Every structure is written in structure tokens, then in C-alpha cells.
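The block underneath contains the structure these notes are about, expressed in C-alpha cells.
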């Protein structure tokens, strides 16, 4: 059995001074005082660690949770509605979370035991589709409706994973629906190292791209059958 780490133990790996520093650096709170970036980050982390399904209504309920309020420094009696949480999520400065993401990946990677560390870097892509009424940009993916309009738009996520997700790229351009382009794009950033091998499936079949990767000293494993 692997030893389990309590929620508090995981949250303690992210010091308050780092949250404050990134908030100041990115100006994430310049036009919002009711729900700060640090508070929203704590809501997200606590939600992922303690709930099977996180949502704005679940986040709203956390303000009645003594443990969460104590950890996040929430003043007694403070309440934030789920609609305010939704609005803040839709307008918050994304760079704040980008910096926290890179910091936490680096922090937790160092916490992995030697047997859990791997030299294999797994790369793969997935597509998320939403109704065009909710997402007005992205790739056209699927049949058009009766009016001849695109019913859904899609965004592709290409992820590098080596025990922890260390690289993520988002694509909305139509041409990136091709795995040849999406995978080759993220693999260009792969560090050429004999002890750091990239692994990906047969989604990418362009031999010219594979030759380019090989010529730049990047080691990889794939299959074409």
C-alpha cells in the first residue's frame, strides 16, 4: 500500500508567499477584491482533492467548511455566490495559474521517490468539443446543423507526461486537428537527451517529422502499424 498524503499536507507544499508573489507579479487582483486569485486557486485545489466533481456550486459550499476557511484564511462569515465564482473564472488573469502550474509541477516532481521517477516522456492529444453557442471559436469537428452551421467547436490539448504533466499546449487552429501537426509541435520542445525518451502513439505518421526529430538528437519510441 502506498502511503496517502492528507489534503493539508499537499496544500502545505505551496507556501503562502509564493501565492502572494505570483499574484503581485501577474496583477491578478487589480480589479477584483472580493474573490482573489489566491482564494480561487485554493478553491480549485481543495475541490480536486476532496470532491469527485468540482463545480461552482461545490466551491460555494466550501465557505461553510471550517477546514477550508482556516487554511485559506477566509474571514468568518464571508460568502461568495456560485455566479460570482463563475464570473471570476471567466475573467481571471490566466498567467497567474500558468506560473503556479509550473511551480507546482517542479515542486511535486522533486517529492516523487526514486522508484516513481521515470525517464519516459509520454505525449498524447485529446479534443474537447462544446456547442457553438457556448464556444464561438475553435476547430470545426463534426456535422453541421440543419441551417448549415457548425454545431460544435473543438479545442485540442496536447500533453507531455512523465509522472506529472510537464508540458501542455492548446490548439484552436483547424489545421491542428491533425495529430501529425499537434504532436510534432510539442515534440519540437522535447529536450534531446539519451536518458529522456519521448513515447507517442501512431497518431503521428509523418516520416519527415520523425527524421527531423532524429536529426536533432531526440530519442523517441512510436509505432506505425
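The values are calculated or read from the model by the stated rules, or taken from the named source; none is laboratory data. Bear in mind that the values here come from a model prediction, so they are computed numbers and not experimental data. Methodologically, a virtual Cβ is constructed for each residue, glycine included, from the backbone with ideal geometry; neighbour enumeration extends over all protein chains shown.
Scanning the stretch 186-217 for residues that are modelled with pLDDT of 80 or more, under 15 Å from residue 121 (Cα atoms) and surrounded by 11 or more Cβ atoms within 10 Å (Cβ to Cβ) gives 186, 187, 188, 190, 197, 198, 199, 200, 201, 213. Among the residues of the stretch 52-69, those identified as closer than 21 Å to residue 9 by Cβ and within 18 Å of the chain's Cα centre (by Cα) are 52, 54. Taking helices (runs of 4 or more DSSP H) as the structural unit, those lying wholly within the stretch 23-135 and holding at least 2 residues that are touching a strand residue (DSSP E or B) at 6+ places or on another chain (Cβ under 8 Å) correspond to 94-109.
Scanning the stretch 158-179 for residues that are under 13 Å from residue 126 (Cα atoms) and in contact with a helix residue (DSSP H, G or I) (Cβ under 9 Å, 6 or more places away or on another chain) returns 158, 159, 160, 168, 169, 171, 176.
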